[in-house]
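Step one of this worksheet: look at the structure below.
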Amino acid sequence: MKPFIQFEQVWLKYNPTLDFAIEDVTVSIKEHEFVAIVGPSGCGKSTFMKLCTGLRPPTKGTVMVDGAQVSGPLKITGMAFQAPNLLPWRTTLDNVLLPLEIVEPFKSSFRAKRDEYVARAMKLINTVGLGGWEHKFPWELSGGMQQRASICRALVHEPKLMMLDEPFGALDAFTREELWCVLRDLHAVNPFTVVLVTHDLREATFLADTVYVMSKRPGRILARREIDLPRPRDIEVTYSEKFTAIVHELREHIGAIRKA
């Protein structure tokens, strides 16, 4: 089975006068795999995402996604960030619909298929627990509700690849765990490949099939840890000895990086 994402000895520097942001990264990610990337601030986690999505070409090496070399921004990608970035003048529903209005092949058929696309958006909105809030504006939603809407927006065009950059980092612990479960359920029902960048080792362990630990800048892959916890995972697993042992193992890698 060919990998869905393949990095072969990838190096990147943002400017010829700067040092490399990442160096000699080789990674293979299967289709529908849920991958988390952890490491210290500035280690190149977000750079990895930019390379995956074609927002940055590698300085050296090759990036392949879905069987083709990445040569520009990919349309098969959905993205969610720490800040929901909802447009304040659009309702929840209209914010979720936005990718279908601006991304082909949906853009050209949006008017003709609007009812179909609204139904698709509403299915997602109801799935993440926002039913009844579809006509509210962002300022009427809590932070967790805004992030749910952001995740719906990232998934409404049914991307093959989901890129998540600290999507729950600004939320309180209880809301964060609720959204872990929302994301878990969405991925289980309609699998897509996920790359999650996070500083939260519990989050990485709970959600991911595989966790990669990156070194401090220039970023390199220092460790790869398969998370051998059975699915579906409930929050209760986060209190188990095995879960705690995995988190401690990842924390030891991060600690060794900081001491280096």
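The values are calculated or read from the model by the stated rules, or taken from the named source; none is laboratory data. Everything numeric in this text was worked out from a predicted model, so none of it was measured. Ideal geometry is used to build each Cβ from the backbone, glycine not excepted, and the neighbour counts take in all protein chains shown.
(1) at pLDDT 95 or above; (2) surrounded by 17 or more Cβ atoms within 10 Å (Cβ to Cβ): which one isn't true of residue 9, the others all being true? Failing condition for residue 9: (2). Taking region 71-100 as the range and being touching an Asp or Glu at 6+ places or on another chain (Cβ under 9 Å) and either modelled with pLDDT under 95 or of a type in the set (A, V, I, L, M, F, W, C) (or both) as the test, the residues that pass are 74, 75, 76, 78, 79, 80, 81, 82, 87, 93, 96.
Within region 128-145, none of the residues are polar (S, T, N, Q) and not in a loop (DSSP other than H, G, I, E, B). Given the structure, is residue 216 under 25 Å from residue 6 (Cβ atoms), touching a helix residue (DSSP H, G or I) at 6+ places or on another chain (Cβ under 7 Å) and among the basic types (Lys, Arg)? Taking the combined requirement at face value, the residue satisfies it.
Residue 66 passes every criterion in (1) surrounded by fewer than 17 Cβ atoms within 10 Å (Cβ to Cβ); (2) free of Cβ contacts under 8 Å to residues at least 60 places away in the same chain; (3) farther than 19 Å from residue 219 by Cα apart from (2).
Hey, among 134, 140, which residue is among the acidic types (Asp, Glu) and touching a Ser or Thr at 6+ places or on another chain (Cβ under 6 Å)? Break it down into steps so the answer makes sense when it comes.
Values: 140 fails: touching a Ser or Thr at 6+ places or on another chain (Cβ under 6 Å).
Checking each option against the conditions leaves just 134.
Name the single residue that is modelled with the lowest pLDDT among those in region 169-194 being over 21 Å from residue 53 (Cα atoms) and of a type outside the set (A, V, I, L, M, F, W, C). Of everything passing the filter in region 169-194, 169 is modelled with the lowest pLDDT. With a requirement of 1 or more residues that are under 27 Å from residue 74 (Cβ atoms), within 17 Å of the chain's Cα centre (by Cα) and among the small types (Gly, Ala, Ser), the helices (runs of 4 or more DSSP H) lying completely within region 163-260 that satisfy it span 173-189, 201-207. A single entry from 208, 149, 204 fulfils the requirement of being outside the structural domain of residue 13 (by TED's automatic domain parsing), buried (at least 20 other Cβ atoms within 10 Å of the Cβ) and at pLDDT 95 or above: 149. Only residues that are among the aromatic types (Phe, Trp, Tyr) and more than 20 Å from the chain's Cα centre (by Cα) were counted in region 81-101, giving 1. Checked against (1) of a type in the set (Gly, Ala, Ser); (2) surrounded by fewer than 14 Cβ atoms within 10 Å (Cβ to Cβ); (3) more than 30 Å from residue 130 (Cβ to Cβ), residue 108 meets all criteria but (3). Of all residue pairs spaced 6 or more apart or on separate chains, those with beta-carbon atoms under 8 Å, a first member in region 9-26 that is in the same structural domain as residue 218 (by TED's automatic domain parsing) and more than 15 Å from residue 50 (Cα to Cα) and a second member that is charged (D, E, K, R) and assigned to a strand (DSSP E or B) are 9/24; 9/60; 26/8.
Residue check: residue 222 meets all listed conditions (1) touching a residue at least 24 places away in the same chain (Cβ under 8 Å); (2) surrounded by fewer than 18 Cβ atoms within 10 Å (Cβ to Cβ); (3) more than 22 Å from residue 25 (Cβ to Cβ); (4) not small (Gly, Ala, Ser) but one, namely (3). Residue-level analysis places residue 144 among those that are under 21 Å from the mean Cα position of the chain (by Cα), of a type outside the set (A, V, I, L, M, F, W, C), buried (at least 16 other Cβ atoms within 10 Å of the Cβ) and not assigned by TED's automatic domain parsing to the domain that holds residue 208. Scanning region 81-102 for residues that are buried (at least 16 other Cβ atoms within 10 Å of the Cβ) and part of a loop (DSSP other than H, G, I, E, B) turns up 82, 84, 86, 91.
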